[in-house]
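Values in this text are rule-based calculations from the coordinates and carry no lab data. A quick note: this is a predicted structure, and the numbers were derived from the prediction, not measured. Cβ placement follows ideal geometry from the backbone for every residue including glycine, while neighbour counts extend to all protein chains displayed.
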Ligand code: BGC
């Protein structure tokens, strides 16, 4: 399952200040996404917001004898959270074309503008239509940003640090979620307009990204793909901080020559030889959502209220999980290029399985639908277990769900293939967001066993079918990873042999 006995292909590079700044600016795309993930749960738990837009949910919430597991079950309220993901799903395919034709940088700029528009519309919203429409604009922004930013980071990073650089995206996602939780915590005290503040602040990271997009570089890959060879080489020198970039340049040019023969990337993706990265990209994202992470991220305040915390304590507990999320992602940044991707994925499955099962057990025994909430000690234990669970996710399936798809497609199918990763993320985030409160209402504590079961499935998948990609140059994946893998090499059929030759 390792990448064969081929010698390592390392290219020269030094860290440059300019490069560092580009990484950080691009990662603000992650902050936008994360802020949005974090903000909706808190906003939908705010009474002022509910009173104004979802009065029936507010009424039900007030009802003392309400079923613990069902008080937030309302399809329209869930649509407020999830409409963004449907929009992002559609946008990611358009973004893939923009990314190929206009480049990563332009796609990033568009992402920020769409997001700013979404913030304006939702923060100024006076009816449900404006809210949902604003969420759709947010969604377009996220679709464009999530397509372009991970690809940008993987393409500009030196191969030996690609994991760490790409995980800046996820790190900023987690920072965004944390900031959103903090903002919600304070905004919820500002009556009756706090929720507007929460939504308006979403424009801040987008503004940084927009202004930054005039400063950052285009990726050498994207320039060379668009035949801007001289510029591509000059940028490569600039970002690598060395003069001798010839071997890397040559390799990107070779990859672009192969890519050029492919006129219809989406059709090429349907070919057998494209299946290994495509299946892995899609399933990584599907599984990422079936860890149940967004049940926590979107609905942490709601969930913590369900187990017995008051409004404030619930928001505060979700700030704590947010902090754990950020710190654990930093662990991933420092480990991913050393221990590799597989170790992180597998270890986390064990950790997440155990914690989900115990949480399910506690709720099953102690939290009955119509009885009182958990005791204080038990509620604290649930928060601790949620934190350990989040830790596992944050150093594995969270970042690697984005990293691996961004580094395993050959150039000709990279933006199209990555669009499948983004859209699978969005589709399954949507399904979980839309279904979670109903699932919680119907499955009750069993929902945690449901997720635990999925974690076993994804662990087996990772063990047998996800190859190690650490340190492999992005445009040599076919040769060094797919053709060497016990199972996936069967997919590299003869028709594509010519392309392989061109690639060598
Ligand atoms: C996932 C999100 C999730 C976040 C949590 C991301 O990688 O795609 O759905 O909310 O991680 O940190």
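Between residue 97 and residue 442, with labels modelled 7 Å along Cα→Cβ, what's the label distance in nm to one decimal, could you check?
3.7 nm
Can you sort 201, 279 by how many other beta carbons sit within 10 Å, fewest first? Spell out each step's value before the answer.
Working: 201 18, 279 15.
Lowest to highest Cβ neighbour count: 279, 201.
Using only Cα atoms, tell me the angle between helix 275-290 and the longest principal axis of the chain; keep it within 0 to 90° and round to the nearest 10.
Value to nearest ten degrees: 20.
Against the longest principal axis of the chain, how steep is helix 446-465, in degrees 0 to 90 to the nearest 10, with axes from Cα atoms?
So the inclination is approximately 10 degrees.
Let me have the 222 nm mean residue ellipticity of the chain computed from DSSP H runs of 4+ only, each contributing -39500 (n - 2.57), with the sum over all residues rounded to the nearest 500.
Details: 23 runs with 377 residues, N = 504.
Here the helix-only value at 222 nm equals -25000 deg cm²/dmol.
Expressed in nm to one decimal, what extension gain is obtained for the pair residue 207 and residue 311 from 0.36 nm per residue of sequence separation less their Cα-Cα distance? Please report the intermediate quantities before stating the final value.
Values: separation 104, 0.36 × 104 = 37.44 nm, distance 3.11 nm.
Full extension from residue 207 to residue 311 adds 34.3 nm.
Taking the Cβ-Cβ separation of residue 365 and residue 435 as r and a Förster radius of 22 Å, what is the calculated FRET efficiency to the nearest 0.05?
Numbers: r = 25 Å, r/R0 = 1.12.
The formula returns an efficiency of 0.35 here.
Packing-wise, with mean Cβ within 10 Å as the measure, how do 343-355, 252-264, 281-293, 107-119 rank, highest first? Each step should come with its number before you reach the end.
Working: 343-355: 19.9, 252-264: 16.9, 281-293: 22.8, 107-119: 24.8.
Taking the mean over residues of other Cβ atoms within 10 Å, the ranking is 107-119, 281-293, 343-355, 252-264.
Going 7 Å from the Cα of residue 10 in the Cα-to-Cβ direction, what parts of the stretch 326-354 have a backbone nitrogen less than 19 Å from that spot?
Output list for this probe position: 334-341.
Find how much the distance from residue 449 to residue 264 grows on full extension, using 0.36 nm per residue of separation minus their present alpha carbon separation; answer in nm with one decimal. It would help to have the intermediate numbers written out before the result.
Working: separation 185, 0.36 × 185 = 66.60 nm, distance 4.26 nm.
Going from the current span to full extension adds 62.3 nm.
Pull out the extension gain between residue 127 and residue 62, defined as 0.36 nm times the separation in residues minus the alpha carbon to alpha carbon distance; nm, one decimal.
On the way: separation 65, 0.36 × 65 = 23.40 nm, distance 2.24 nm.
Working it through step by step, the gained length comes to 21.2 nm.
Can you compute the FRET efficiency between residue 190 and residue 327 using 1/(1 + (r/R0)^6), with r the Cβ-Cβ distance and R0 = 41 Å? Round to the nearest 0.05. Can you show the working numbers first?
Numbers: r = 29 Å, r/R0 = 0.70.
Efficiency computed from Cβ-Cβ geometry: 0.90.
Of 460, 153, how do they rank once you tally other Cβ atoms within 10 Å and put the fewest first?
On the way: 460 11, 153 28.
Ascending Cβ contact count within 10 Å gives the list 460, 153.
Using per-residue counts of other Cβ atoms within 10 Å, averaged over each peptide, order 36-44, 269-277 from highest down. Spell out each step's value before the answer.
Numbers: 36-44: 27.2, 269-277: 19.7.
In descending order of packing, they fall as 36-44, 269-277.
Ranking 420, 54 by Cβ neighbours within 10 Å, fewest first, what do you get?
Values: 420 23, 54 19.
Least crowded to most crowded, the residues run 54, 420.
Using alpha carbon centroids, what distance separates the stretch 212-253 and the stretch 317-391, in Å?
One Cα centre to the other: 41 Å.
Between the helical axis of 397-408 and the dominant principal axis of the chain, each derived from Cα atoms, what acute angle in degrees is found, rounded to the nearest 10?
20 degrees
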